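Take a look at the structure below.
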Amino acid sequence: MHDLIDGLTAQAGQLAGLLWQNPLTLLLLLGMGAFLTWKTRLVQLRALPHAVALLAGRHATPGADGQISHFQALATALSATVGTGNIAGVATAVSLGGPGALLWMWVTAFLGMATKFAECTLAVRYRQVAADGEIAGGPMYTLAEGAGLPRVGQAFALFALLASFGIGNMVQANSVVDGLQFAAGGTAPTGLWLGLLMAALVGAVIVGGIRRIAATASALVPLMALGYIVAALAVLAQQAALIPAAFALIVESALNPAAAGAAALGEAIRWGVARGLFSNEAGLGSSPMAHAAAQTDEPVREGLVAMLEPLIDTLVICTLTGLVIVTAQLAAGPPAGVAGAALTAWAFSGGLGIAGGWVVGAGLALFAFSTMIAWSYYGDRCARFLFGARAVLPYRLVFTVLVAVGATVPLELVWNLADIFNLLMALPNLLSLLLLAPVVRALQRSYFAGRRRAAGA
């Protein structure tokens, strides 16, 4: 049995590596962002002030269908994307792709804003509203109702359902254990007890459905993000003199093959794009399921709020992590054999001492917990689409049990399978974006034409 698991782990790892490290895959995801940026006429720049105004509560639509506010929808989606990728993922990109990987993460985030706008606009356009007001939406409904491809929608829902048990559950529970053990120097409770505690906490949140998940996320996400940002700024304040040199190194490593070397430049692009996409999930089709539940009668409004995700997740939080690492490396030299979350902890500890390890450890724990509660909702929407409303409660129970399991078992195989299913989710979603881009553009033009008429009235 052990040999069988090792063999499956190796094969799944090879397939995951082939899919995620393939230039064609990265070009497909990045190319869709570029296509939608052109199709929407740079919506991420032209409509950014209006998106911020929507998030601040202006332009509300009382009485519209929906279960949660714009802010709660954004917080729920961010709770899934602001996670281990912001700590370990950035460190991996910098250690394997060099400082130039950060610039390509920025490019990915900028283009990903247009992708988020499109996929979440479509999610609200094609969502279903039950008689009791419960919302169901996401790429599976967009494919079935908008593109007329119900079988492809079922494929998306199946892949997303399976991914929710992996990247959205067991690997996150394991990350919480690792984070707390790291911060406590190995003196934290065992994985079993932490797993049972997490299962109880996750179960208590997700049993209440999207309203309780959104309420929890809207309280937790701002606090944990703000705490992490303040800690990063405190470290950077001590290295302020090195920040201009860090930016110069990032740009030169990303764009100058003469300085970085052609091979190094290729690695910067590869790891920057891959980790950027993994961090903000633009194009994967996950966050549209949260944004579909927003209370609005204008799909474009929710799309505009959704496009703030890559800005917050990648352009702010990932950038701060990257700058902390690069300035620390400039000050002390890269540590030998240190990568992933340990590299981030090393960089934070240089400015905050022992508290730096706690920032990283606690950050991993909170980010992973928030990811679990958001992904539980994504999974139960997929279970509802595939098997009907009766499948939601059994799904939530299974999801809760697997939290405890994930905290106690080796997860390399689960990680590899999750990576595979995440990309398999993206392919149907990208197809819907390609087919329905004219719909997005038509909705966008109609919405802003209505605003101009209202302003002139």
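The values are calculated or read from the model by the stated rules, or taken from the named source; none is laboratory data. Quick caveat: nothing in here was measured; it's all calculated off a predicted structure. Every residue, glycine as well, gets a Cβ built from its backbone with ideal geometry; the counts of neighbours run over all protein chains shown.
Condition check: surrounded by fewer than 19 Cβ atoms within 10 Å (Cβ to Cβ), in a loop (DSSP other than H, G, I, E, B), out of contact with any strand residue (DSSP E or B) (no Cβ under 6 Å at 6 or more places or on another chain) and modelled with pLDDT of 90 or more. Does Gly186 satisfy that? Can you show your working first?
Numbers: surrounded by fewer than 19 Cβ atoms within 10 Å (Cβ to Cβ): yes; in a loop (DSSP other than H, G, I, E, B): yes; out of contact with any strand residue (DSSP E or B) (no Cβ under 6 Å at 6 or more places or on another chain): yes; modelled with pLDDT of 90 or more: no.
Here the answer is no, as Gly186 does not meet what is asked.
With Ala53, Ala80, Ala34 as the choices, which residue is part of a helix (DSSP H, G or I), at pLDDT below 85 and of a type in the set (Gly, Ala, Ser)?
Ala80
Determine which member of the set Ala123, Ala155 is over 25 Å from Gly363 (Cα atoms), surrounded by fewer than 21 Cβ atoms within 10 Å (Cβ to Cβ) and modelled with pLDDT of 90 or more.
None of the others qualify; the one that does is Ala155.
Just give me the residues in the stretch 295-349 being under 23 Å from Val235 (Cα atoms) and of a type in the set (Asp, Glu), in sequence order.
The answer is Asp313, and nothing else.
Could you count how many residues in the stretch 282-305 are assigned to a helix (DSSP H, G or I) and under 24 Å from Leu162 (Cα atoms)? Steps first, answer last, please.
Kept after step one, since they are assigned to a helix (DSSP H, G or I), are these residues of the stretch 282-305: 288-291, 299-305.
Subset that is under 24 Å from Leu162 (Cα atoms): 288-291.
Of the residues in that region, 4 qualify.
From the list Asn429, Asn422, pick out the single residue that is modelled with pLDDT under 90 and buried (at least 18 other Cβ atoms within 10 Å of the Cβ).
Working: Asn429 fails: modelled with pLDDT under 90.
Answer to the selection: Asn422.
Can you tell me how many residues within the stretch 319-372 are part of a helix (DSSP H, G or I), farther than 17 Å from Val230 by Cα and modelled with pLDDT under 85?
The qualifying residues number 7.
Take the stretch 63-77 and flag every residue that is in contact with a helix residue (DSSP H, G or I) (Cβ under 7 Å, 6 or more places away or on another chain) and either on the phi > 0 side of the Ramachandran plot or outside any strand (DSSP E or B) (or both).
At the first step, the residues of the stretch 63-77 found to be in contact with a helix residue (DSSP H, G or I) (Cβ under 7 Å, 6 or more places away or on another chain) are 67-68, 70-77.
If the condition is that a residue be in contact with a helix residue (DSSP H, G or I) (Cβ under 7 Å, 6 or more places away or on another chain) and either on the phi > 0 side of the Ramachandran plot or outside any strand (DSSP E or B) (or both), then Gln67, His70, Phe71, Gln72, Ala73, Leu74, Ala75, Thr76, Ala77 are the ones that fit.
Could you pull out the residue among Ala368, Ala294, Ala355, Ala328 that is of a type in the set (Gly, Ala, Ser) and surrounded by fewer than 21 Cβ atoms within 10 Å (Cβ to Cβ)? It would help to see each step written out before you state the result.
On the way: Ala368 fails: surrounded by fewer than 21 Cβ atoms within 10 Å (Cβ to Cβ); Ala294 fails: surrounded by fewer than 21 Cβ atoms within 10 Å (Cβ to Cβ); Ala328 fails: surrounded by fewer than 21 Cβ atoms within 10 Å (Cβ to Cβ).
Result of the check over Ala368, Ala294, Ala355, Ala328: Ala355.
What pairs come out if I take residues in the stretch 140-157 that are in contact (Cβ under 8 Å) with a residue 24 or more places away in the chain and outside any helix (DSSP H, G or I) and pair them with residues that are of a type outside the set (S, T, N, Q) and surrounded by 19 or more Cβ atoms within 10 Å (Cβ to Cβ) whose C-beta lies under 7 Å away, six or more apart or interchain?
Ala147/Leu436; Leu149/Leu143
Mind checking which residues of the stretch 56-72 are of a type in the set (A, V, I, L, M) and either surrounded by 23 or more Cβ atoms within 10 Å (Cβ to Cβ) or modelled with pLDDT of 90 or more (or both)?
Of the residues in the stretch 56-72, the ones of a type in the set (A, V, I, L, M) are 56, 60, 64, 68.
Answer for the stretch 56-72, where residues must be of a type in the set (A, V, I, L, M) and either surrounded by 23 or more Cβ atoms within 10 Å (Cβ to Cβ) or modelled with pLDDT of 90 or more (or both): just Ile68.
For Val94, all conditions in the list (1) touching a Ser or Thr at 6+ places or on another chain (Cβ under 6 Å); (2) crowded, with 24+ Cβ neighbours inside 10 Å; (3) modelled with pLDDT of 85 or more hold save one; what is the number of the exception?
Checking Val94 against (1) touching a Ser or Thr at 6+ places or on another chain (Cβ under 6 Å); (2) crowded, with 24+ Cβ neighbours inside 10 Å; (3) modelled with pLDDT of 85 or more, the one that fails is (1).
Pairs, please: C-beta under 6 Å, at least 6 apart or cross-chain, first residue closer than 19 Å to Gly66 by Cα and surrounded by fewer than 21 Cβ atoms within 10 Å (Cβ to Cβ) and in the stretch 194-219, second at pLDDT 90 or above and of a type outside the set (Phe, Trp, Tyr)?
Pairs that qualify, where the first residue is closer than 19 Å to Gly66 by Cα and surrounded by fewer than 21 Cβ atoms within 10 Å (Cβ to Cβ) and the partner is at pLDDT 90 or above and of a type outside the set (Phe, Trp, Tyr), are Arg212/Val205.
From the list Val409, Val392, Val414, Val405, exactly one residue is at pLDDT 85 or above, over 26 Å from Tyr141 (Cβ atoms) and in contact with a Gly (Cβ under 9 Å, 6 or more places away or on another chain). Which is it? Spell out the reasoning first.
Values: Val409 fails: at pLDDT 85 or above; Val392 fails: over 26 Å from Tyr141 (Cβ atoms); Val414 fails: at pLDDT 85 or above.
The unique qualifying residue is Val405.
So that you can scan it fast, the table gives a plain yes or no per residue for (1) surrounded by fewer than 24 Cβ atoms within 10 Å (Cβ to Cβ); (2) more than 15 Å from the chain's Cα centre (by Cα); (3) modelled with pLDDT of 85 or more; (4) more than 22 Å from Leu27 (Cα to Cα):
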residue: Leu74; (1), (2), (3), (4): no, no, yes, yes
residue: Val90; (1), (2), (3), (4): no, no, yes, no
residue: Met105; (1), (2), (3), (4): no, no, yes, no
residue: Thr108; (1), (2), (3), (4): no, no, yes, no
residue: Leu111; (1), (2), (3), (4): no, no, yes, no
residue: Met140; (1), (2), (3), (4): no, yes, yes, yes
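Could you look through the stretch 23-48, keep only residues that are of a type outside the set (A, V, I, L, M, F, W, C) and closer than 18 Å to Thr121 by Cβ, and pick out the one that is surrounded by the fewest Cβ atoms within 10 Å (Cβ to Cβ)? It would help to see each step written out before you state the result.
As a first pass, look at the stretch 23-48 and keep what is of a type outside the set (A, V, I, L, M, F, W, C): 23, 25, 31, 33, 37, 39-41, 44, 46.
Pick out the ones that are also closer than 18 Å to Thr121 by Cβ and you get 33, 37, 39-41, 44, 46.
On the way: Gly33: 26, Thr37: 21, Lys39: 16, Thr40: 24, Arg41: 13, Gln44: 25, Arg46: 11.
By that ranking, first place goes to Arg46.
Six or more apart or on different chains, Cβ atoms under 9 Å: show the pairs whose first residue is in the stretch 35-48 and farther than 22 Å from Leu435 by Cβ and whose second is in a helix (DSSP H, G or I) and of a type in the set (S, T, N, Q).
Close Cβ pairs (under 9 Å, with a partner that is in a helix (DSSP H, G or I) and of a type in the set (S, T, N, Q)) amount to Ala47/Gln444.
Run Glu302 past the list (1) of a type in the set (D, E, K, R); (2) at pLDDT 85 or above; (3) in contact with a Pro (Cβ under 8 Å, 6 or more places away or on another chain) and report the number of the one that doesn't hold.
It is condition (3) that Glu302 fails.
Working only within the stretch 1-31, note down all residues that are under 27 Å from Leu433 (Cβ atoms), in contact (Cβ under 8 Å) with a residue 60 or more places away in the chain and assigned to a helix (DSSP H, G or I).
Quick first cut of the stretch 1-31, residues under 27 Å from Leu433 (Cβ atoms) only: 15-31.
Still in the running and in contact (Cβ under 8 Å) with a residue 60 or more places away in the chain: 15-16, 19-21, 23, 25-26, 28-30.
The answer is Leu15, Ala16, Leu19, Trp20, Pro23, Thr25, Leu26, Leu28, Leu29, Leu30.
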